[in-house]
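Q: Just passing along the structure, written as structure tokens.
The values are calculated or read from the model by the stated rules, or taken from the named source; none is laboratory data. Predicted model, so just to flag it, every value in this text is computed and none were measured. Here the Cβ is made from the backbone with ideal geometry for all residues, glycine too, and neighbour counts use every protein chain on show.
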Amino acid sequence: MISLKTVSKELAAEKRPQAVYDVAAGEAGGKLMVTRGTGRRVREALAEVLEGLPSSGVLYVDTRGVELMDYSFADEALGILVSRVAAGEYGERHVALVEVERDLLENIEASLRQRSLAMIRVDEVGGNPEILGEVPEHLVDTLRAIYDAGSITNVNLATKLGLNHTACNNRATRLLKLGLIHRSKNTAAPGGCQYSYERIA
Amino acid sequence: MRTQLELNIRSRGAMRGILTLGSLDPAFAAAAHTEGEAVVLDLRPVEFVEPSGLCGLAALLELLISRSEEVGLALSGRNVPAYLERMNFFRIFGDRVKTNADVSALEERRRGNPGTLQELVNFHSEEEIPGIINRISEILENKEYGLRERAAICATLSEICANAVEHGHSPFGAYAAVQAYQHIVSGGRERRGEEVLIAIADGGVGVRTTLSRNLQYAELTETDNDALRHALKMGVSGTGEIGRGGGLAVVGQIAARAGGSLSLRSGSGRVTFYGNRTNSRNVPPFPGTFVRVSLPRKTTSSQQLPSSKKHKDVG
């Protein structure tokens, strides 16, 4: 598990619109989460909440009350949801997992790795963000730099990482496509439009 | 005129008198040639039935009932009939199979509830699985299994149950049974510790047929054993959809980590996965797919017999 946050700061992420879905307490959920059928119902409930969020919003999926989860459920409820978020089906909305370090993560991790995807995990809303799943080695530093900063322009990020602007932008775009960061456009910036990258949790 | 079907029950050694799936092999072979005549299955040498023997027996009887005008079951002694009754065997097969055992007398015996077993259960769809898993989770909680172990066992079981009803097109759905023992049943002489045995059987098309729907596996599914070995790998599934085919691989890892094993049997293949090694051999054909999981809690020789709480991290 890779921890992302090394410095605490006042961040744009804190102002992000958010919703928390408690899987164990939800109507579609419960404490024993098994089978694809159950996973599909939970995913549909999650998608509804996600679609109700304003753009740039983040849905925290809280599985801490779930006692057990099998691979099929994890893949159907989270693996598929994360793949759809990453594919842009929910616009600029994001998903993060609220779960502590325990065995239950294994099935979620296995599903995400199987799909070459990752998601952000926190112990509690506002807690330290960690990566769950698969992020290519060379992108981890970039991701960490964005999370340390909370919000950072491409120019500053490139400087920080010692990369040229294009390479930096390419890396950040890949993270964006994994659904792990948010991008906002600052049109008032000197020299024209400029992207800023923000952490989502 | 009745055909008597013999079993291969060992008369000596660690597996003496135990009804396992393997001991049913001669009867499965004979059942394939049954054409309507009455048959009797001779269970008299059996002294002990474990879940895989029970699920195998259920699958065998389903096959025999479909091919024979009358199916009989010869039982002896008191313990085996009583255990079969306790496992709901006669509730499922009582009116379809003739037996010499006095089942009505068994039904009147008070049913103890040791909280250590899941009776033989017949299921047909994924919707039935959460209820079964819930029940087993309660059993394990009663046995003071910690949340970690409970979660591992139940997550294992639900995957296999889902496989059994999803891929199989089985005429009788699937059978499952679970029993928690106060000693080690699998693997010969060392009996100190505890063990949970899980068995699930279906009468479907089998692993090789399911996987060979996925054309990219054509070369890897030439034999049943090839197909079973391949099915244990992460991401291998009949549909080839991303994210599919993780269940069995994760189950194998959980069982291996507990020092146990995952056995698969389908067609004429049999593969057992121990984590660091995978054994396979050719066996008489099984008409469907059979899964057996052993989850032991072994204690080392210097330790007393376990109180499950104290030793939950051992082994």
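Q: Please go through the range A:110-126 and pick out each residue that is more than 9 Å from chain B (Cβ to nearest Cβ) and of a type in the set (Lys, Arg).
A: Result: A:Arg121, single match.
Q: Strands (runs of 3 or more DSSP E) wholly in the range B:1-98 with at least 2 residues that are at pLDDT 90 or above - which ones?
A: Working: elements: B:2-5, B:38-42, B:71-74.
Qualifying strands (runs of 3 or more DSSP E): B:38-42, B:71-74.
Q: What residue, among those in the range A:25-51 that are among the β-branched types (Val, Ile, Thr) and within 14 Å of another protein chain (Cβ to nearest Cβ), is surrounded by the most Cβ atoms within 10 Å (Cβ to Cβ)?
A: Top of the filtered list is A:Val34.
Q: Scanning for something on the phi < 0 side of the Ramachandran plot, within 15 Å of the chain's Cα centre (by Cα), of a type outside the set (Lys, Arg) and crowded, with 24+ Cβ neighbours inside 10 Å, does the range A:64-74 turn up at least one residue?
A: No, there is no match, as no residue in the range A:64-74 is on the phi < 0 side of the Ramachandran plot, within 15 Å of the chain's Cα centre (by Cα), of a type outside the set (Lys, Arg) and crowded, with 24+ Cβ neighbours inside 10 Å.
Q: Evaluate the range B:42-50: report whether one residue or more is farther than 23 Å from B:Ser186 by Cβ, among the aromatic types (Phe, Trp, Tyr) and either in contact with a Leu (Cβ under 8 Å, 6 or more places away or on another chain) or without any contact (Cβ under 8 Å) to a residue 24 or more places away in the chain (or both).
A: Looking through the range B:42-50, none of the residues is farther than 23 Å from B:Ser186 by Cβ, among the aromatic types (Phe, Trp, Tyr) and either in contact with a Leu (Cβ under 8 Å, 6 or more places away or on another chain) or without any contact (Cβ under 8 Å) to a residue 24 or more places away in the chain (or both).
Q: Only residues that are among the aliphatic types (A, V, I, L, M) and crowded, with 22+ Cβ neighbours inside 10 Å: list them for the range B:40-60, please.
A: Matches in the range B:40-60: B:Leu41, B:Leu43, B:Val46, B:Val49, B:Leu54, B:Leu57, B:Ala58, B:Ala59, B:Leu60.
Q: Can you work out which of the residues in the range A:81-109 that are in contact with a helix residue (DSSP H, G or I) (Cβ under 6 Å, 6 or more places away or on another chain) and facing chain B (nearest Cβ under 9 Å) is nearest to A:Thr173 (Cα to Cα)?
A: Per the criteria, the residue is A:Asn107.
Q: Among the residues of the range B:279-300, which ones are in a strand (DSSP E or B), among the hydroxyl-bearing types (Ser, Thr, Tyr) and surrounded by fewer than 18 Cβ atoms within 10 Å (Cβ to Cβ)? Even if it seems obvious, please write down each step before you answer.
A: Our first condition is that a residue be in a strand (DSSP E or B); within the range B:279-300, this holds for B:279-298.
Remaining after also requiring among the hydroxyl-bearing types (Ser, Thr, Tyr): B:280, B:289, B:294.
Correct list: B:Ser280 only.
Yes/no matrix, rows are residues, columns are (1) farther than 22 Å from B:Ala59 by Cα; (2) part of a loop (DSSP other than H, G, I, E, B); (3) at pLDDT 85 or above:
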residue	(1), (2), (3)
B:Gly243	yes, yes, no
B:Val250	yes, no, no
B:Gly259	yes, yes, yes
B:Ser268	no, no, yes
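Q: I would also like to ask the following. Can you give me the ranges of the helices (runs of 4 or more DSSP H) entirely in the range A:91-201 with at least 1 residues that are in contact (Cβ under 8 Å) with a residue 60 or more places away in the chain and surrounded by 14 or more Cβ atoms within 10 Å (Cβ to Cβ)?
A: Here the list reads A:137-149.
Q: Further question on the same structure: Identify, please: which residue in the range B:128-175 is in a helix (DSSP H, G or I) and touching a Gly at 6+ places or on another chain (Cβ under 6 Å) and is, among those, farthest from the other protein chains (Cβ to nearest Cβ)?
A: Here the residue is B:Asn142.
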